[in-house]
């Protein structure tokens, strides 16, 4: 007779919980990764059904929001604490985003300016195609408003101005981190490990995690602001690159100001102010697009 106690197998969700808790990277990266993967899925199904696009978008936002809520204790900097600067920065960045986008289109010859009458020259967007089905159109538009102003603002700020801004905080440790990362790369990994630089990097602590864990939220360096803004920019269309630069710099400065070292710990606001500012910009962009009828920004 075997008296050894047995433990029931853990559920998939329990295993996910344990996996997410192991690394400070995971709860900040995975919601972003899920959103990006779902973008590809939605783009594929939208070619077959407008209804599938709406269902896919709802699922995309629902999954990301569920992850953010479930692992909120692992990401204490993510909150909804408000600061009045979120309003002028959010609205000001709407104009920067739109008009820098038009400037880019003019410079690249892809658009002559804010002229909705020219919209017939381009392939209609998915939302434009829905205009003939009012119930589907307005359901999708409400979902887009909620997704842009709440879900996107939450996970993008958690990823970009918490994870990236902190994990890639200074140039030298970041360079060492990339050498460490190269160790695990196919083809070049074996070669890197046999170089003097590679051997030295191997005995250092994991630099990306070290910087993330040791850098306070809102602590800025020029390198971190530039690097995080570059990452933010590359996650968008080329038309939006100039707008991304404006947003990246302003939101980093707002984050730094509302979490500056001179404030008592209880007065530091975490990511809340830039989540609000980002959400206001996106909600205003939604409203502007609906009013003007130029769908390229939505």
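Every number here is computed from the coordinates shown, using simple stated rules; none is lab data. Keep in mind that this is a model prediction, so the values were computed, not measured. Note that each Cβ is placed from the backbone with ideal geometry, even for glycine, and that neighbours are counted across all protein chains shown.
Things to note:
- Candidates 171, 283, 86, ranked by Gaussian network fluctuation over the chain, Cα under 10 Å, top entry: 171
- A Förster radius of 35 Å combined with the Cβ-Cβ distance from residue 196 to residue 241 puts the calculated FRET efficiency at roughly 0.40.
- Whole-angstrom gap from the range 68-94 to the range 208-238, using each part's C-alpha centre: 17
- Under the Debye formula (equal points on every Cα, no solvent term), log10 I(q)/I(0) of the range 133-181 at q = 0.17, 0.22, 0.30 Å⁻¹: -0.63, -0.78, -0.98
- Between helix 171-182 and the chain: long-axis angle, C-alpha atoms, 0 to 90°, nearest 10: 80
- The chain, relative contact order in percent, only Cα pairs under 8 angstrom and at least six apart counted: 28
- Alpha-carbon geometry of the range 194-239: the Rg and the Dmax are 14.9, 43 Å, given in that order.
- Within a Gaussian network of the chain (alpha carbon springs, distance under 10 Å), most fluctuating of 88, 76, 186: 186
- Computed helical MRE - 222 nm, the chain, DSSP H runs ≥ 4 contributing -39500 (n - 2.57), nearest 500: -19500 deg cm²/dmol
- Quotient of Cα Rg and 2.2 N^0.38 Å for the range 121-272, N being how many residues it contains: 1.38
- Considering all C-alpha pairs of the range 193-298, those separated by over 22 Å amount to 50%.
- Helix axis angle, 86-108 relative to the chain longest principal axis, alpha carbon, degrees: 70
- Using the Cα coordinates of the range 237-283, the gyration tensor eigenvalues translate into equivalent-ellipsoid semi-axes of 25, 12, 5 Å, sorted from longest to shortest.
- The chain: angle of helix 26-46 to the longest principal axis, Cα-based, in degrees nearest 10: 40
- Cα gyration tensor of the range 40-88 - equivalent ellipsoid semi-axes, whole Å, descending: 31, 16, 7
- Extension gain for residue 14 to residue 187 (0.36 nm times residue separation, less C-alpha to C-alpha distance): 58.7 nm.
- Hydrodynamic radius of the chain per Kirkwood, over alpha carbon pairs, in Å: 21.4
- Neighbour counting of Cβ atoms within 10 Å sorts the residues 138, 276, 288, fewest neighbours leading, into 138, 288, 276.
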